[in-house]
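Since the structure comes first, as structure tokens, the remarks are kept for the end.
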């Protein structure tokens, strides 16, 4: 990479292109691999993006974090395995394919129209097309992922290795077929896992239905409540709490049973004022009573047949019953509730499940046949009303889960499915989770609590595009056989319609018949595919060879979004525990990331139209600035509100300042023939050329290295960026360089080595900053590094080490005090309207808690920086031209003094402020006697304000007071001004190649303000002498000169024209 041109204005997009081409030309990934392949290895497994669409800004944030981790560890000289991965199967892709194919409604009918082969091929084309955008986005981003060795979850070789997890689970009794109630999406027409269930909740409004059912043997009614009226169709039991009290309540001519502690609220809801409690009983005494379903006989004949069963439509006493809502009696539908299902199973209840794949009622539901279950609510109301069983119908707002892909409201339906019995893993998964580094406590606790739930994981889906479940079931004896490799399938197959190289997908797998080992009849494949989270969760094993898996897993580091506590992070862990049959996590560390919200804090969505597109953002904006902004704005775990305007402000300023600092070194260093290899920092130290500002900035640099290194390791990238930001802008640019600027401008040959030593420090700092910032902003740092420091890529270097003997915390404390004094001097000048370029004769500095004697060695520096001839440190407040005012903290003292507070106000006004101030210098408290009561008032409960006497101005902060005289000294000012002006003109003479002994014809100065002009013109003779010119003119018209050069005098921009004819 050729040295960049630092003469031009900053053009970040051009710098990106130049740097990107350089990396491509040298094949940076191959270069790094060759350099570090024999070093200690660090492994990363990519959390694969789903290729159902294009990247958005949230994806970009995650990929930046991954790239930062990679670059930082390469700079630690590790051999980092950093391969890509692509999530290509499952619901997200299949639904997008259906959308683009214009398919709606029944999954079965859709597949009849186009065939499974067409859908499969479209899914493949879809992910391959989207991959191109992702790949280009990664290139623009500077992401170092190895795309050549990336894994693809739909490839046969990946699927076959994924089956090994199933094989382990099958052999160990972890994988089971169960009929159970699962979350079900009517739109996607498939079951979901509980991990997926937690990924989308929304506040919805549902019916609040109260209805009554009559007991068989008594003229008494049970009052029930539900927010899902359609489940009345599948009602089988009523639950009561065994130890709770239930009341028989007379309401008009009827007797109702409700929970005693719900009675008053229910009567209020029903607007019933007159009621009578006839008797009270324990819930357990109601157990076994049968009731009449109000709709079954007329409208649901199949359910009515089941009611003849001893247990169907009986009251059951169960501890799960909740008495905080409803009536205290719970209607139980085993086909539509997890707990309900378990209760029915425990009591050997026949299952009535008249709901088909489209979530519509089937023929067995009688009058409800063909209705989508939620659409059946209206019919339930009407029929209950017809049967005089409707008590109250209202509406209720509550949180309800939605499908994480379609956004459709989920149902709970009894389905046949395959599960990982996570509950059979004992505490292995919990112990594995506890062994991981999570960096932040909140997601760690959340994740471990999720693992502790040990809920069976439904891994099967009733879809097409996914890893086929490799289990066959005999059509005669129902025996199941698991075949977990192509070889096993071929060896056991009755037929291979597509040959031995059949694709490991539907429908090719479905056509293969297996011989039953028990009865010799045919076995057909169970038509399920695997949960897409299982597919991606298999990556640690499926994406690697056996040798790589043994060597690289547990992976060093993984990172994904905070929602992955129930997604990828969860499935990875469970699958690896199954694979190893032990408490071994597949990752040593997992960083959970917060989400990106829009500028107003709203979640980004297509509906709101506020999604920030990833590719477009990378194409149109500085990638370095974007990366810096996203890392500085918040900790990785926190959500952040994204703002383009905010991104282009401070982050751009930091990058721009870093560029200009390199430019500053190049221009000034070249002027003095600075050679970084000769004039090194070691050379400067050995020749004792450094001053206190140099040692201060070097100490700050060592602490920056220390803090940045620790923060990179702990994933506190916001601390890295803010620390580098503060160092570049405040410490380096605004404090150090102004402190040494006059020395740089001093052209005296005897001071050349001093100038070279300053360049050595600037060079050392910039070299270090280029490396420290490189993981976050790689393009600009690579470009700047090559502009000054060398031809090898930054990633070929080693991370900066800390030089302990350069750390001087005492010196840093002293300079912190100096900075306060400088800041307060400037504040005082503003109050007195004293411009900084006006020299002042004197200043007084007082501190009540800083040892000013420690600052004496920096007095000359402070005077120069503050533009004050003499600064006097005052230790005795009596010698200051000030008065003091007392401001008690009445918010605190009011609670302490209570009734005596008004008297205290009078007493404090009479107090001698100076005496009280001096007391608090020596003591932490002062005892006041108010109305014969003693009160100890603490130092932090009293504030003192310093007020300047006439002819002075002051400013104070952190206990340091700076006092300036209001009087301006014109003579001091113009002498300093002429001196600075002469130095800059002489510098321009030298730049134009004029001999220093040449006497110029004329020098024109433009841009001098009126006040300064009035003082300057009487002193032009002195200026003519200093710059060796026959004449000097202060002009207001640029046409009088030519070849104007810009100069800066203490922050004021002037122009000069040198005439030599």
task = Please tell me if residue 710 is out of contact with any helix residue (DSSP H, G or I) (no Cβ under 7 Å at 6 or more places or on another chain), surrounded by fewer than 16 Cβ atoms within 10 Å (Cβ to Cβ) and more than 30 Å from residue 602 (Cβ to Cβ).
result = yes
query = Assuming residue 836 fulfils every condition listed in (1) touching a strand residue (DSSP E or B) at 6+ places or on another chain (Cβ under 9 Å); (2) within 26 Å of residue 739 (Cα to Cα); (3) not in a helix (DSSP H, G or I) apart from one, which condition is it?
reply = (1)
ask   = Checking residue 476 against (1) more than 39 Å from the chain's Cα centre (by Cα); (2) buried (at least 16 other Cβ atoms within 10 Å of the Cβ), which test does it fail?
value = (2)
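Regarding residue 812, is this residue surrounded by fewer than 20 Cβ atoms within 10 Å (Cβ to Cβ), out of contact with any helix residue (DSSP H, G or I) (no Cβ under 7 Å at 6 or more places or on another chain) and either part of a helix (DSSP H, G or I) or at positive phi (or both)?
Numbers: surrounded by fewer than 20 Cβ atoms within 10 Å (Cβ to Cβ): yes; out of contact with any helix residue (DSSP H, G or I) (no Cβ under 7 Å at 6 or more places or on another chain): no; either part of a helix (DSSP H, G or I) or at positive phi (or both): yes.
Answer is no for this residue.
Quick one: would you say residue 103 is modelled with pLDDT of 95 or more and buried (at least 16 other Cβ atoms within 10 Å of the Cβ)? Reasoning before the result, please.
Values: modelled with pLDDT of 95 or more: no; buried (at least 16 other Cβ atoms within 10 Å of the Cβ): yes.
Here the answer is no, as residue 103 does not meet what is asked.
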request  = Could you list all residues from segment 769-801 that are more than 14 Å from residue 76 (Cβ to Cβ) and part of a loop (DSSP other than H, G, I, E, B)?
outcome  = 776, 777, 789, 790, 791, 792, 793
key: Residue satisfying condition, being within 30 Å of residue 28 (Cα to Cα) and modelled with pLDDT of 90 or more, within set 821, 788, 871   = 788
key: In segment 432-448, residue surrounded by the most Cβ atoms within 10 Å (Cβ to Cβ) [restricted to those that are in contact with a helix residue (DSSP H, G or I) (Cβ under 9 Å, 6 or more places away or on another chain) and without any contact (Cβ under 8 Å) to a residue 60 or more places away in the chain]   = 444
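Count, please, the residues in segment 67-88 that happen to be touching a strand residue (DSSP E or B) at 6+ places or on another chain (Cβ under 8 Å) and either buried (at least 21 other Cβ atoms within 10 Å of the Cβ) or within 30 Å of residue 461 (Cα to Cα) (or both).
Start the filter on segment 67-88 by keeping residues that are touching a strand residue (DSSP E or B) at 6+ places or on another chain (Cβ under 8 Å), which leaves 69-70, 73-74, 78-88.
Keeping just the survivors that are either buried (at least 21 other Cβ atoms within 10 Å of the Cβ) or within 30 Å of residue 461 (Cα to Cα) (or both) gives 69-70, 73-74, 80, 82-88.
Total satisfying the criteria: 12.
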ask   = If we keep just the residues of segment 544-567 that are at pLDDT below 95 and in a helix (DSSP H, G or I), which is nearest to residue 160 (Cα to Cα)?
value = 564
query = Restricting the search to segment 627-656, which residues are buried (at least 20 other Cβ atoms within 10 Å of the Cβ), over 15 Å from residue 773 (Cβ atoms) and without any contact (Cβ under 8 Å) to a residue 40 or more places away in the chain?
reply = 647
task = From 179, 116, grab the single residue that is in contact with a helix residue (DSSP H, G or I) (Cβ under 9 Å, 6 or more places away or on another chain) and either under 30 Å from residue 329 (Cβ atoms) or touching a residue at least 24 places away in the same chain (Cβ under 8 Å) (or both).
result = 179
key: Pairs with Cβ under 6 Å, 6+ apart, first in segment 657-673 and over 18 Å from residue 731 (Cβ atoms), second assigned to a loop (DSSP other than H, G, I, E, B)   = 663/6; 666/6
task = For residue 439, work out the one condition from (1) modelled with pLDDT of 95 or more; (2) under 30 Å from residue 95 (Cβ atoms); (3) in a loop (DSSP other than H, G, I, E, B) it doesn't fulfil.
result = (2)
task = Give me the pairs, please: first residue somewhere in segment 716-739 and surrounded by fewer than 19 Cβ atoms within 10 Å (Cβ to Cβ), second residue anywhere and not in a helix (DSSP H, G or I), beta-carbon distance under 7 Å, and either six or more positions apart or on two chains.
result = 718/634; 718/635
request  = Confirm whether residue 955 is in contact with a helix residue (DSSP H, G or I) (Cβ under 8 Å, 6 or more places away or on another chain), farther than 30 Å from residue 845 by Cα and either in contact (Cβ under 8 Å) with a residue 40 or more places away in the chain or assigned to a helix (DSSP H, G or I) (or both).
outcome  = no
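For every residue, the table says whether it meets (1) out of contact with any helix residue (DSSP H, G or I) (no Cβ under 9 Å at 6 or more places or on another chain); (2) touching a residue at least 60 places away in the same chain (Cβ under 8 Å); (3) more than 24 Å from residue 388 (Cβ to Cβ); (4) not in a loop (DSSP other than H, G, I, E, B).
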position	(1), (2), (3), (4)
285	yes, no, yes, yes
302	no, yes, no, yes
310	yes, no, yes, no
325	no, yes, yes, no
335	no, yes, yes, no
341	yes, yes, yes, yes
345	yes, no, yes, yes
353	no, yes, yes, no
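Going through segment 246-261 one residue at a time, which ones are outside any strand (DSSP E or B) and under 17 Å from residue 286 (Cα atoms)?
Of the residues in segment 246-261, the ones outside any strand (DSSP E or B) are 252-253, 260-261.
Within segment 246-261, 260, 261 meet the criteria.
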task = Being surrounded by fewer than 12 Cβ atoms within 10 Å (Cβ to Cβ) and within 14 Å of residue 963 (Cβ to Cβ) is the filter here, so list the residues in segment 876-896 that pass it.
result = 876, 878, 879
inquiry  = Restricting to segment 355-367, give me the number of residues that are in contact (Cβ under 8 Å) with a residue 24 or more places away in the chain, assigned to a helix (DSSP H, G or I) and over 30 Å from residue 287 (Cβ atoms).
reply    = 1
request  = Look at residue 482 and say whether it is under 29 Å from residue 570 (Cβ atoms), under 45 Å from the mean Cα position of the chain (by Cα) and surrounded by fewer than 21 Cβ atoms within 10 Å (Cβ to Cβ).
outcome  = yes
ask   = For segment 169-239, list the strands (runs of 3 or more DSSP E) that sit wholly inside it and hold at least 1 residues that are touching a strand residue (DSSP E or B) at 6+ places or on another chain (Cβ under 6 Å) and under 30 Å from residue 483 (Cβ atoms); which are they?
value = 175-185
ask   = Can you tell me which of 524, 606 is assigned to a strand (DSSP E or B) and farther than 30 Å from residue 721 by Cβ?
value = 524
key: Matching residues, segment 598-626, being surrounded by 17 or more Cβ atoms within 10 Å (Cβ to Cβ) and under 26 Å from residue 444 (Cα atoms)   = 604
inquiry  = Is it the case, given these coordinates, that residue 108 is out of contact with any helix residue (DSSP H, G or I) (no Cβ under 6 Å at 6 or more places or on another chain), more than 30 Å from residue 627 (Cα to Cα) and in contact (Cβ under 8 Å) with a residue 40 or more places away in the chain?
reply    = yes
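To keep it simple, each residue is scored yes or no on (1) under 22 Å from residue 462 (Cβ atoms); (2) touching a residue at least 60 places away in the same chain (Cβ under 8 Å); (3) assigned to a loop (DSSP other than H, G, I, E, B).
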site: 478; (1), (2), (3): yes, no, yes
site: 487; (1), (2), (3): no, no, no
site: 490; (1), (2), (3): no, no, no
site: 499; (1), (2), (3): no, no, yes
site: 507; (1), (2), (3): yes, yes, yes
site: 512; (1), (2), (3): yes, no, yes
site: 519; (1), (2), (3): no, no, yes
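The values are calculated or read from the model by the stated rules, or taken from the named source; none is laboratory data. On a predicted model such as this, the values are computed, not experimentally measured, just so you know. Backbone-built Cβ (ideal geometry, glycine too); neighbour counts: all protein chains shown.
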